[in-house]
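The values are calculated or read from the model by the stated rules, or taken from the named source; none is laboratory data. Predicted model, so just to flag it, every value in this text is computed and none were measured. Reconstructed Cβ throughout: ideal geometry from the backbone, glycine too, with neighbour counts over all protein chains shown.
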Amino acid sequence: MVVYCGAIITCDENYTVAKYLVEEKGKILYVGNTLPKEYEQAKQVQLGKRALIPSFADTHIHFASFSTFHAGLNVMEAKSNVEIASMLSEFVKKTKDRLLIVFGASPYSVEEKQLISRAELDAVCSDRPIMVVKYDGHACIINSALLQCVKDKIQNLRGYHEETGEMQQEAFFEVSNYVTNSISILKLLGNMEQAVNYMASKGIGMIHTVSGVGFAKDLDVDMEKWFGRGLSNGMQLRVFFQTMKVEAALKKKLPRIGGCFATALDGCYGSMDAAMLQPYEGTQNTGVLYYTDEEVIEFCKKANRANLQIEMHAIGDAAFDQATRALKAALDDMPREDHRHGIIHACLPTKEGLAICEEYGIQIPLQTSFINWPQEPESYLNEILGERNGQLNPLATFLSKNIACSAGSDAPCTDPDPILWIHNACNHSIKEQSISVQEALRMCTYYGYAASFDEQERGSLEVGKIADMVILSDNPYDIEKEKLKDIKVEQLYLQGKPYKQVRTNPILLVLKGMCSRKKI
């Protein structure tokens with residue numbers, strides 16, 4: 001039994017802050033402002049200026065991809081393509097991997113104002129395949145060695161640009177599939193162990209992973225499912241299968257379907273292929289809708305009839321409208337009182353689409369890391385969107401309409417960093433769309449667990465719930481909102497115990513998971 005004394009930020013529906021929390025055997029026994037006598041002799045943890053909050057949930061992450069890129073070369077902080085080439089040159093010397101993966105290139109944060117090219121990659125390394133993934137995770141640049149491996153498969157696909165080596169849309173997806181299939185399962189699992197430990201260091205106790213990125217027979221979906229079930233340290237994984245094939249999700253006995261890739265309705269702003277109702281500034285380009293309305297509606301109806309939870313990627317306003325129309329059609333076809341269908345990102349919602357979300361209870365797993373994003377700066381968004389830039393990521397509007405919003409990283413696109421999510425939510429670039437610290441904390445905790453039907457057990461510090469908790473270095477209610485980003489995660493507790501890093505044989509972990517029936 002342990003008594004925590006100090007600022008207990010419960011993140012319950014009343015935003016209660018208590019003085020004491022009692023934990024025993026992984027459960028919360030008591031929360032209140034006076035300590036009952038029966039707990040006075042228990043071990044006490046004095047929080048002082050610190051605060052105890054529920055653990056965070058990342059409600060949108062490409063976990064297999066993040067694990068792979070986290071173990072590779074990250075060039076997000078590079079200031080020029082020359083610096084990227086230099087970093088890659090050093091990386092080539094240090095690694096013996098046959099295929100090299102680099103992540104985070106952006107044309108908007110380097111002095112050349114363009115992506116590194118195939119020729120520049122060839123100059124660094126011509127004998128090993130290289131894939132440099134763009135910061136938004138929706139495009140890449142490949143060198144000639146990799147091009148020769150995949151050319152026959154991609155040269156007739158949309159988004160193929162041989163001269164520069166940049167691959168977008170379907171060409172990018174096909175390159176991703178090839179690269180994914182080139183990674184050994186053992187290496188992937190080892191990378192996943194490192195990644196889950198890293199996320200725990202950020203205070204994250206639940207991961208919503210979207211899977212299905214090109215492994216043969218969708219093996220990554222099974223690997224993530226078995227990996228999550230094999231974990232014995234309290235970390236929770238919930239797997240979304242990125243497929244339009246409802247029978248595939250049912251065959252794998254998953255209760256949810258969707259994400260990006262095969263269930264992305266459009267592209268993104270970084271490649272100007274997010275689907276827009278009006279053209280990008282100074283162009284005739286309205287982006288790309290990957291599917292017709294009829295195709296999306298058919299998918300949603302079939303998945304909803306199968307009692308699956310649906311999530312779809314939609315960034316532009318045209319894609320958002322398509323998603324809301326399809327979900328409305330599915331719920332009109334077969335009403336469900338508590339479906340928890342969601343639209344991921346929802347960067348540029350429309351008035352009509354928001355009304356559907358409000359009426360039909362559609363949730364939004366969003367990414368506040370996209371606010372003031374160095375890889376996609378305001379100057380660029382103003383250039384391509386004009387006044388529409390002032391309508392992006394309207395957090396306060398979502399909440400005013402009682403639309404449930406949770407928070408995620410979209411990693412590897414951004415780092416899984418809940419403190420940054422909170423900071424950006426409270427310091428929105430559009431001042432009137434900022435939300436309160438209380439609302440931001442609940443978005444990153446309670447609503448993250450509620451997004452996967454886990455709020456009865458986790459997500460707030462209430463009696464009877466599992467003691468998944470985080471100690472923060474400072475009380476977020478006591479500091480200026482401009483300094484929220486300076487708060488540190490000191491300790492993650494899962495089931496009342498300090499987080500125990502995963503350091504086991506990954507094959508044994510997966511074998512354990514294959515025999516488990518743990519919720520996933």
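Within the stretch 371-385, track down each residue that is on the phi < 0 side of the Ramachandran plot and either among the hydroxyl-bearing types (S, T, Y) or in contact with a helix residue (DSSP H, G or I) (Cβ under 8 Å, 6 or more places away or on another chain) (or both).
Within the stretch 371-385, I371, E376, E378, S379, Y380, L381, N382 meet the criteria.
Each row is one residue, and each column tells you yes or no for (1) under 22 Å from E311 (Cβ atoms); (2) among the polar types (S, T, N, Q); (3) part of a loop (DSSP other than H, G, I, E, B).
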| residue | (1), (2), (3) |
| --- | --- |
| N177 | yes, yes, no |
| Q194 | no, yes, no |
| M199 | yes, no, no |
| D220 | yes, no, no |
| Y269 | yes, no, yes |
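Output the residues belonging to the stretch 436-457 that are within 20 Å of L472 (Cα to Cα) and in a loop (DSSP other than H, G, I, E, B).
Across the stretch 436-457, the qualifying residues are S436, T445.
Which is free of Cβ contacts under 8 Å to residues at least 40 places away in the same chain, of a type in the set (A, V, I, L, M, F, W, C) and closer than 21 Å to F370 by Cα, of A123, A78?
Values: A123 fails: closer than 21 Å to F370 by Cα.
Among A123, A78, only A78 is free of Cβ contacts under 8 Å to residues at least 40 places away in the same chain, of a type in the set (A, V, I, L, M, F, W, C) and closer than 21 Å to F370 by Cα.
Taking the stretch 480-520 as the region of interest, how many residues are in contact with a Pro (Cβ under 9 Å, 6 or more places away or on another chain) and part of a helix (DSSP H, G or I)?
Final tally of qualifying residues: 1.
Among the residues of the stretch 170-189, write down those that are of a type in the set (S, T, N, Q) and either more than 23 Å from G72 (Cα to Cα) or modelled with pLDDT of 95 or more (or both). Before the answer, list the steps.
Taking the stretch 170-189 as the starting set, the residues that turn out to be of a type in the set (S, T, N, Q) are 176-177, 180-182, 184.
Answer for the stretch 170-189, where residues must be of a type in the set (S, T, N, Q) and either more than 23 Å from G72 (Cα to Cα) or modelled with pLDDT of 95 or more (or both): there is none.
Scan the stretch 192-231 residue by residue and report those that are of a type in the set (D, E, K, R), out of contact with any Gly (no Cβ under 8 Å at 6 or more places or on another chain) and either buried (at least 24 other Cβ atoms within 10 Å of the Cβ) or within 15 Å of L509 (Cβ to Cβ) (or both).
Passing the criteria: E193, D222, E224.
Filter the stretch 499-520 for residues that are surrounded by fewer than 16 Cβ atoms within 10 Å (Cβ to Cβ) and among the β-branched types (V, I, T); which is modelled with the lowest pLDDT?
T504
So if I check each of G287, G258, G234, which one is of a type outside the set (K, R), without any contact (Cβ under 8 Å) to a residue 40 or more places away in the chain, buried (at least 19 other Cβ atoms within 10 Å of the Cβ) and in contact with a Phe, Trp or Tyr (Cβ under 8 Å, 6 or more places away or on another chain)?
One residue alone meets the criteria, G287.
Are any residues in the stretch 293-319 among the small types (G, A, S), touching an Asp or Glu at 6+ places or on another chain (Cβ under 6 Å) and either on the phi > 0 side of the Ramachandran plot or part of a helix (DSSP H, G or I) (or both), and if so, which ones?
Going residue by residue through the stretch 293-319, those that are among the small types (G, A, S) are 303, 306, 314, 316, 318-319.
From what's left, touching an Asp or Glu at 6+ places or on another chain (Cβ under 6 Å): 316, 319.
Of everything in the stretch 293-319, just one residue is among the small types (G, A, S), touching an Asp or Glu at 6+ places or on another chain (Cβ under 6 Å) and either on the phi > 0 side of the Ramachandran plot or part of a helix (DSSP H, G or I) (or both), namely A319.
Each row is one residue, and each column tells you yes or no for (1) surrounded by fewer than 18 Cβ atoms within 10 Å (Cβ to Cβ); (2) more than 28 Å from the chain's Cα centre (by Cα); (3) at pLDDT 95 or above; (4) part of a helix (DSSP H, G or I).
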{"site": "Y20", "(1), (2), (3), (4)": "no, yes, yes, no"}
{"site": "Q46", "(1), (2), (3), (4)": "yes, yes, yes, no"}
{"site": "I53", "(1), (2), (3), (4)": "no, no, yes, no"}
{"site": "D58", "(1), (2), (3), (4)": "no, no, yes, no"}
{"site": "S67", "(1), (2), (3), (4)": "no, no, no, yes"}
{"site": "M76", "(1), (2), (3), (4)": "yes, no, no, no"}
{"site": "K96", "(1), (2), (3), (4)": "yes, yes, no, no"}
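Please determine, by comparing only the residues of the stretch 146-160 that are free of Cβ contacts under 8 Å to residues at least 24 places away in the same chain and assigned to a helix (DSSP H, G or I), which one is surrounded by the fewest Cβ atoms within 10 Å (Cβ to Cβ).
Only one residue tops the list, namely D152.
Need the failing condition index for V132 against (1) at pLDDT below 95; (2) assigned to a strand (DSSP E or B), just the number.
Evaluating V132 over (1) at pLDDT below 95; (2) assigned to a strand (DSSP E or B) leaves (1) as the failure.
Quick check, is Q456 under 30 Å from I257 (Cβ atoms) and without any contact (Cβ under 8 Å) to a residue 12 or more places away in the chain?
Here the answer is yes, as Q456 does meet what is asked.
Before we move on, is G496 touching a residue at least 24 places away in the same chain (Cβ under 8 Å), closer than 18 Å to P54 by Cβ and loosely packed, with under 15 Cβ neighbours inside 10 Å?
In short, no.
From the set of residues in the stretch 424-435 that are in a helix (DSSP H, G or I) and touching a helix residue (DSSP H, G or I) at 6+ places or on another chain (Cβ under 6 Å), which is nearest to S406 (Cα to Cα)?
Ranking the candidates gives A425 first.
Touching an Asp or Glu at 6+ places or on another chain (Cβ under 8 Å) and β-branched (V, I, T): does that describe I101? Full working, then the answer.
Working: touching an Asp or Glu at 6+ places or on another chain (Cβ under 8 Å): no; β-branched (V, I, T): yes.
The answer is no for I101.
Would you mind stating whether C426 is at negative phi and either crowded, with 24+ Cβ neighbours inside 10 Å or among the hydroxyl-bearing types (S, T, Y) (or both)?
Criteria not met by C426.
State whether the residues of the stretch 302-315 include one that is farther than 19 Å from L399 by Cα, free of Cβ contacts under 8 Å to residues at least 40 places away in the same chain, surrounded by fewer than 18 Cβ atoms within 10 Å (Cβ to Cβ) and charged (D, E, K, R).
The answer is yes, given that some residue of the stretch 302-315 is farther than 19 Å from L399 by Cα, free of Cβ contacts under 8 Å to residues at least 40 places away in the same chain, surrounded by fewer than 18 Cβ atoms within 10 Å (Cβ to Cβ) and charged (D, E, K, R).
Looking at the stretch 166-188, can you tell me whether even one residue there is under 19 Å from M272 (Cα atoms), of a type in the set (D, E) and either surrounded by fewer than 24 Cβ atoms within 10 Å (Cβ to Cβ) or without any contact (Cβ under 8 Å) to a residue 12 or more places away in the chain (or both)?
yes
Can you name the number of the only condition in (1) under 19 Å from the mean Cα position of the chain (by Cα); (2) closer than 21 Å to T10 by Cβ; (3) surrounded by fewer than 24 Cβ atoms within 10 Å (Cβ to Cβ) that A440 fails?
In the conditions (1) under 19 Å from the mean Cα position of the chain (by Cα); (2) closer than 21 Å to T10 by Cβ; (3) surrounded by fewer than 24 Cβ atoms within 10 Å (Cβ to Cβ), A440 misses (3) alone.
In contact with a helix residue (DSSP H, G or I) (Cβ under 7 Å, 6 or more places away or on another chain), surrounded by fewer than 24 Cβ atoms within 10 Å (Cβ to Cβ) and over 27 Å from A57 (Cβ atoms), is that true of C140?
no
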